[in-house]
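Have a look at the structure below, then the notes.
The values are calculated or read from the model by the stated rules, or taken from the named source; none is laboratory data. On a predicted model such as this, the values are computed, not experimentally measured, just so you know. Reconstructed Cβ throughout: ideal geometry from the backbone, glycine too, with neighbour counts over all protein chains shown. Side chains included, ligands, DNA and RNA excluded: accessible areas come from the protein's heavy atoms. Shrake-Rupley method; radii C 1.70, N 1.55, O 1.52, S 1.80 Å.
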Amino acid sequence: MNEPTLNYVLCPGNAAAPVSPGGAPAPEGLHRMAYWEWNATGNPAHPHVVVCVHGLSRQGRDFDTLARALSTRVRVICPDVVGRGQSDWLADPMGYQIPQYAADMLALLAQLHHATPLQTLDWVGTSMGGLIGMAVAGQAGLPLPVPVRRLVLNDVGPVIQWEALQRIGLYLGQPAQFASLQQAADAMWAISTSFGPHTPQQWLELSRAMVRELPAGGGFSLHYDPAIAVPFRGLTQDAAAAGEATLWQLYDHIAARTLLLRGAQSDLLSRQTAQAMSARGPNATLVEFEGVGHAPTLVADDQVQAVAGFLLAEEGVAAA
């Protein structure tokens, strides 16, 4: 079966002490960001790269289904954003914010381009990954190897509903320990039903990389640094509202052709904001999925087809 390879890039910013006993520390002043590379094109230096970036408490293996579907045509790169998955944790929790994440992505793209020059760059971002994509695609003068050509924003935009942030804050960073993967999957489903219908096997696969095994048979814990919640909990409603102008400015400067996905029952991206995004900036094409809230997991066939059709369509040809 088509499986990814695990790789790392060194990024500026001090790492915390390794989580695993015996884990090698990163060099002084740096941290490691892990990324999963999918490539079934037959060309290890394929010049078309799609970067897929996950949501706030998730990790890069969320994109396995989409990546398998795309990887016969393009290289797919799925980072574990710092503090998550196989990546280092940060020494300073206040680094867990969009500027650090965007800087890490620039380091990743530079490393990829140095190894095998990129000619085409696309971006798929779910929730937080979409905000990082807006920061990367919406700022002039960044040292990108090539501009972002096509951008998929999955259930996120410049206006984020405060009630959704409050809901996420109820569970983000809370200590959790599980006796088994299935118990962890069941607990995560209890707070993730807004993701929409999934078979038990689909949810178990989505949950597998969401936990790490504790030593000495101690069960499982969540895969991320609980301190990712520190800056999140410091966010006020006034600060969130003030940040909207900056996000709209980024959005309005995006030159990439843009697809906006929305769960029709999303509590984070309102229909009003989605419609505004279709009418300004890159004039995003809006696709909504019924029976889904925040956020579509890009596992269902119709969701995969929407993204693949958009990214793989020829220039000037609208995706079906």
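Residue 235 meets the stated requirement of being open to solvent by 50 Å² or more (accessible area, probe 1.4 Å) and within 21 Å of residue 81 (Cα to Cα). Selection of segment 263-273 for residues being among the charged types (D, E, K, R) and either open to solvent by less than 10 Å² (accessible area, probe 1.4 Å) or part of a helix (DSSP H, G or I) (or both) yields only 271. Within segment 163-181, the set of residues being in contact with a helix residue (DSSP H, G or I) (Cβ under 8 Å, 6 or more places away or on another chain) and either surrounded by 14 or more Cβ atoms within 10 Å (Cβ to Cβ) or among the basic types (Lys, Arg) (or both) comprises 165, 168, 169, 172, 173, 176, 178, 181.
If the condition is being within 26 Å of residue 146 (Cβ to Cβ), touching a strand residue (DSSP E or B) at 6+ places or on another chain (Cβ under 8 Å) and part of a helix (DSSP H, G or I), then segment 279-313 contributes 306, 307, 310, 311. Quick check on this structure: which one of 257, 167 is of a type in the set (Lys, Arg) and at pLDDT 95 or above? From the options 257, 167, the qualifying one is 257.
Of the helices (runs of 4 or more DSSP H) that lie entirely inside segment 187-259, those containing 3 or more residues that are farther than 22 Å from residue 88 by Cβ span 200-208, 237-252.
Pairs are defined by a Cβ separation below 8 Å, a sequence spacing of at least 6 or placement on different chains, a first member in segment 280-305 that is in contact (Cβ under 8 Å) with a residue 24 or more places away in the chain and farther than 17 Å from residue 268 by Cβ, and a second member that is assigned to a helix (DSSP H, G or I) and open to solvent by less than 20 Å² (accessible area, probe 1.4 Å); the pairs so defined are 280/251; 281/251; 282/251; 285/310; 299/66; 299/206; 304/66. Would you check if residue 141 is closer than 17 Å to residue 252 by Cβ, open to solvent by 40 Å² or more (accessible area, probe 1.4 Å), part of a loop (DSSP other than H, G, I, E, B) and of a type in the set (Gly, Ala, Ser)? Criteria met by residue 141.
Scanning segment 289-304 for residues that are within 23 Å of residue 138 (Cβ to Cβ) and either of a type in the set (A, V, I, L, M, F, W, C) or open to solvent by 30 Å² or more (accessible area, probe 1.4 Å) (or both) yields 295, 298.
All of (1) within 18 Å of the chain's Cα centre (by Cα); (2) under 29 Å from residue 75 (Cβ atoms) hold for residue 286 with one exception: (1). Residues in segment 274-288 that are out of contact with any Leu (no Cβ under 9 Å at 6 or more places or on another chain) and hydrophobic (A, V, I, L, M, F, W, C) were compared, and the one that is surrounded by the most Cβ atoms within 10 Å (Cβ to Cβ) is 276. Against the list (1) open to solvent by less than 30 Å² (accessible area, probe 1.4 Å); (2) in a strand (DSSP E or B), the condition residue 158 fails is (2). Being at pLDDT 95 or above, farther than 20 Å from residue 66 by Cα and under 15 Å from the mean Cα position of the chain (by Cα) is a property that does not hold for residue 115.
Inspection of segment 191-208 identifies at least one residue that is touching a Leu at 6+ places or on another chain (Cβ under 9 Å), open to solvent by 20 Å² or more (accessible area, probe 1.4 Å) and of a type in the set (Phe, Trp, Tyr).
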